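Undergrad: This is the structure I want to talk about, given as structure tokens.
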Amino acid sequence: MNISVTAPRSQRGFLRWLVIGGFVALVLDLVVWDIGAGGVIPAHVVFGIIYLVLAGLVTATGWRWMPVIAGVVTEIIALTFITYSQGFVPYYLTHPYDKAAFAMAFLHQMLSLLVLVAGVATLGIAREHGAAQRPAWLVPGLSVLGGIVAGGIVISLLAAAPPATSAAAAPEGTVHATLARFSPDIVALHAGDKLTIIPDTGVQHTLLNGTWNDDHPQPGREAGAPLVSNVPLSSNTITIGPFTTPGTYHIYCTIHPGMVLTVVVV
Ligand SMILES: [Cu+2]
């Protein structure tokens, strides 16, 4: 009887499935991210395809280095996300109030770490071939990693929870322009108030009366709305108005699909 030989094998199998599950979760993360962003981000398509190919290679080949290589490539992609995203990902990671984007960016980093560590761990077990005992670091190491990932998921879910009242978040008639969104995206004003828009980044926006309908811009100035005609917004705070007439008005950014601000004047 030699039961001990099968135990490391099943652990290796478990870790391989953890790597594959991590890739599936990463692809889902990118899909949810794109849905939240209101459009497909080209880099996400490229990375999503790479994840699926790597997951397929880990599944299809029994090569013991494959999960390690997949993990390293994934972590390189995660670091590339931070370095070469034109500031988007670091911005999201440091501005949690753009909640959905923060959650997806944060979860992406956590899942990449999971894939890397699980991939490297398969090699640790593979080296133990024939040995009766699993590596001493395996259980505590995976427990810590699991805790980090679980904590990351909880933080992401908490951050992704919608604010109770978006309008109440800007009592002074002030909204922020993030990279491709208004935050909050609805603001209440009293008749006669002006609207203040603070850009949080140097990213260029161009504001116009109207809205986005799916991915199609719909310029149009509601009756009573102050004229907003291709107003540039990049690094300086701007004011719009006064809004003199009670009603609901829309201002959108012509550059970023889905970037719409609803102004409710009471
Ligand atoms: Cu914009």
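The values are calculated or read from the model by the stated rules, or taken from the named source; none is laboratory data. Just so it is clear, the model here is predicted, and its values are computed rather than measured. Because the Cβ atoms are built from the backbone with ideal geometry, glycine has one as well, and the counts that use them run over all protein chains shown.
Undergrad: Just give me the residues in the range 190-209 being within 13 Å of the ligand (Cβ to nearest atom) and either surrounded by 13 or more Cβ atoms within 10 Å (Cβ to Cβ) or farther than 15 Å from A180 by Cα (or both), in sequence order.
TA: I197, P199, D200, T201, V203, Q204, H205, T206, L207, L208
Undergrad: Given the condition under 23 Å from I41 (Cβ atoms), in contact with a Pro (Cβ under 7 Å, 6 or more places away or on another chain), assigned to a loop (DSSP other than H, G, I, E, B) and within 16 Å of the ligand (Cβ to nearest atom), answer yes or no: does some residue in the range 164-182 qualify? Before the answer, list the steps.
TA: Start the filter on the range 164-182 by keeping residues that are under 23 Å from I41 (Cβ atoms), which leaves 176-182.
Pick out the ones that are also in contact with a Pro (Cβ under 7 Å, 6 or more places away or on another chain) and you get 177.
From the residues that got through so far, the ones that are assigned to a loop (DSSP other than H, G, I, E, B) too are none.
Looking through the range 164-182, none of the residues is under 23 Å from I41 (Cβ atoms), in contact with a Pro (Cβ under 7 Å, 6 or more places away or on another chain), assigned to a loop (DSSP other than H, G, I, E, B) and within 16 Å of the ligand (Cβ to nearest atom).
Undergrad: Taking the stated definitions as given, is P217 outside the structural domain of A101 (by TED's automatic domain parsing), in a strand (DSSP E or B) and out of contact with any strand residue (DSSP E or B) (no Cβ under 6 Å at 6 or more places or on another chain)?
TA: Values: outside the structural domain of A101 (by TED's automatic domain parsing): yes; in a strand (DSSP E or B): yes; out of contact with any strand residue (DSSP E or B) (no Cβ under 6 Å at 6 or more places or on another chain): yes.
So P217 passes the test.
Undergrad: When the residues of the range 22-36 are narrowed to those that are closer than 19 Å to V73 by Cβ and surrounded by fewer than 16 Cβ atoms within 10 Å (Cβ to Cβ), which ends up nearest to the chain's Cα centre (by Cα)?
TA: As a first pass, look at the range 22-36 and keep what is closer than 19 Å to V73 by Cβ: 22-30.
Filter once more, keeping what is surrounded by fewer than 16 Cβ atoms within 10 Å (Cβ to Cβ): 24, 28.
Values: V24: 16, L28: 11 Å.
Looking at the filtered set, the residue picked out is L28.
Undergrad: Confirm whether A223 is at pLDDT below 90 and either in contact with a helix residue (DSSP H, G or I) (Cβ under 7 Å, 6 or more places away or on another chain) or more than 16 Å from the ligand (Cβ to nearest atom) (or both).
TA: Working: at pLDDT below 90: no; either in contact with a helix residue (DSSP H, G or I) (Cβ under 7 Å, 6 or more places away or on another chain) or more than 16 Å from the ligand (Cβ to nearest atom) (or both): yes.
Against the criterion (at pLDDT below 90 and either in contact with a helix residue (DSSP H, G or I) (Cβ under 7 Å, 6 or more places away or on another chain) or more than 16 Å from the ligand (Cβ to nearest atom) (or both)), A223 does not qualify.
Undergrad: Cβ-Cβ distance below 8 Å, separation of 6 or more or different chains: which pairs start in the range 234-254 with a residue that is on the phi > 0 side of the Ramachandran plot and end on one that is more than 16 Å from the ligand (Cβ to nearest atom) and in a loop (DSSP other than H, G, I, E, B)?
TA: G241/D193; G241/K194; G241/P226; G247/E222; G247/A223; G247/G224; G247/A225
Undergrad: Just checking, how many residues over the range 63-74 are surrounded by fewer than 18 Cβ atoms within 10 Å (Cβ to Cβ) and in contact (Cβ under 8 Å) with a residue 24 or more places away in the chain?
TA: The number of residues fulfilling the criteria is 4.
Undergrad: Report, by residue number, each residue of the range 229-259 that is within 13 Å of the ligand (Cβ to nearest atom) and either buried (at least 21 other Cβ atoms within 10 Å of the Cβ) or more than 30 Å from D34 (Cβ to Cβ) (or both).
TA: I251, Y252, C253, H256, M259
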